[in-house]
Amino acid sequence: MNIWRWADFLEPIPAQAKLTLGEGDTPLVRSRRIGPAAGLQNLYFKLEHGNATGSYKDRFGFMAVSHMLAQGKTRCLATSSGNTGAALAAYCAAAGIECHIAIVEGAPLDKLQQMMAYGAHIARFKGFGTDAATTRHVFELLQKQGNRPDTALQISAFVYSPAGMSGVQTMAYELAEQLPDGIDHVFCPAGGGGACVALARGFQQLNSLSRIERLPAVECVQPEGNNTIAGPLRDRKESAQDVACTTRVSGLQVASVVDGHLAVQECRATGGTGHLVTDEQVWEVQRRLAREEGVFTEPAGAVALAGALRAAQNGDISPDSACVCVVSGSGFKDAKAIDRMNQDVDCPLLDAEAINDW
């Protein structure tokens, strides 16, 4: 099925500008071991690494670049911690649009190589993504550059690129199709918070059209070292907060608020709250996903499940709840994380006769 079947739910795009690389319709699989072990019999994984460039950001890329084609733009200016850049680089390559990406300082080399393979022009900037003041300053400079007539600034956040981010709402539409009996909780990892906003708005849209009977609670999960949204949401505060980012989970290193205020508002409107997890919990869950479920994800893709397991342990969700965890990106995105997962195993070189004792 084509993602443009949701065109009536999205901003209008002329037929000749509708771009696709086969994104969307990603698998939803039921947990066979981790969920039951935690007392969660209806735990599901939304496998977003099934998208064209290996992450949910393709849902942003297809809509953002289609919107640029419709407007006759020839130059894309963007920011990324990795996955947004890979998505935009791929879709810009398909569209024949020049792509320039400002990268956060700590982005993994594997993600940079993917962007460069698609022909994007990239550079890392000191303090970008980890220091809130520097991050805001980079955004301000990029916004000035983005005012050129031939250029569109594409940042995967509603406050900067609402048309592109509307494409991420397709994840909510798909989940409603895949679990027609209803969903109680959707756990979503958050850096800037845009994915949480998109899911909440997507479900609210379906609910207003009577396409679903009840709103799933959108649960925002963040590493403790990037507590811009989850803590304030859980503490019943009205707004998100800037932080000094210390998490080592790539892709979720967003020290400034970005979509944080919207995420607090939209998640709370669905009945969701915030959940904080440690980096160490994320590493362990990433490893468990691979070894117990056969799901190979980067650390950011394990954050949602880490939050769901913590919520179950704390009694925040009932054992019979239908819960979905967004697995946001492929394990191939971060080679260092793979090394960490495999630090206790090796691939020895053996003589043929050793097969008998293997």
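Here are the numbers for the structure shown:
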{"read-out": "Residue match in the range 59-79 (condition: part of a loop (DSSP other than H, G, I, E, B) and closer than 21 Å to ALA304 by Cα)", "value": "no"}
{"read-out": "Residues of the range 158-174 satisfying the condition of being over 15 Å from the mean Cα position of the chain (by Cα) and under 13 Å from VAL324 (Cβ atoms)", "value": "GLU174"}
{"read-out": "Filter pass, ALA87 being in contact with a Ser or Thr (Cβ under 8 Å, 6 or more places away or on another chain) and either of a type in the set (S, T, N, Q) or under 10 Å from THR53 (Cβ atoms) (or both)", "value": "yes"}
{"read-out": "Some residue of the range 321-330 being within 21 Å of GLY192 (Cβ to Cβ), in a helix (DSSP H, G or I) and touching a helix residue (DSSP H, G or I) at 6+ places or on another chain (Cβ under 6 Å)", "value": "no"}
{"read-out": "Filter pass, GLN169 being part of a helix (DSSP H, G or I) and surrounded by 18 or more Cβ atoms within 10 Å (Cβ to Cβ)", "value": "yes"}
{"read-out": "Index of the failed condition, ARG33 passing every other in (1) outside the structural domain of ALA86 (by TED's automatic domain parsing); (2) within 26 Å of VAL159 (Cα to Cα)", "value": "(2)"}
{"read-out": "Tally of residues being without any contact (Cβ under 8 Å) to a residue 12 or more places away in the chain and touching a Phe, Trp or Tyr at 6+ places or on another chain (Cβ under 6 Å) across the range 321-344", "value": "0"}
{"read-out": "Residue count for the range 101-117, restricted to those that are buried (at least 19 other Cβ atoms within 10 Å of the Cβ) and either part of a loop (DSSP other than H, G, I, E, B) or touching a Leu at 6+ places or on another chain (Cβ under 8 Å) (or both)", "value": "5"}
{"read-out": "Pick from the range 31-58, criterion part of a helix (DSSP H, G or I) and of a type outside the set (Val, Ile, Thr), ranking: farthest from ILE317 (Cα to Cα)", "value": "ASP58"}
{"read-out": "Subset tally (residues that are crowded, with 18+ Cβ neighbours inside 10 Å and either assigned to a loop (DSSP other than H, G, I, E, B) or small (Gly, Ala, Ser) (or both)) for the range 196-235", "value": "13"}
{"read-out": "Members of the range 182-195 found to be under 29 Å from GLY82 (Cα atoms) and either among the polar types (S, T, N, Q) or outside any helix (DSSP H, G or I) (or both), listed by number", "value": "HIS185, VAL186, PHE187, CYS188, PRO189, ALA190, GLY191, GLY192, GLY193"}
{"read-out": "Top-ranked residue of the range 306-320 - restricted to ones that are touching a residue at least 60 places away in the same chain (Cβ under 8 Å) and outside any loop (DSSP other than H, G, I, E, B), ranked as farthest from GLU174 (Cα to Cα)", "value": "GLN313"}
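The values are calculated or read from the model by the stated rules, or taken from the named source; none is laboratory data. Note that the structure is a prediction, hence the values are computed from the model and not measured. Glycine gets a Cβ as well: all are built from the backbone with ideal geometry, and neighbour counts include every protein chain shown.
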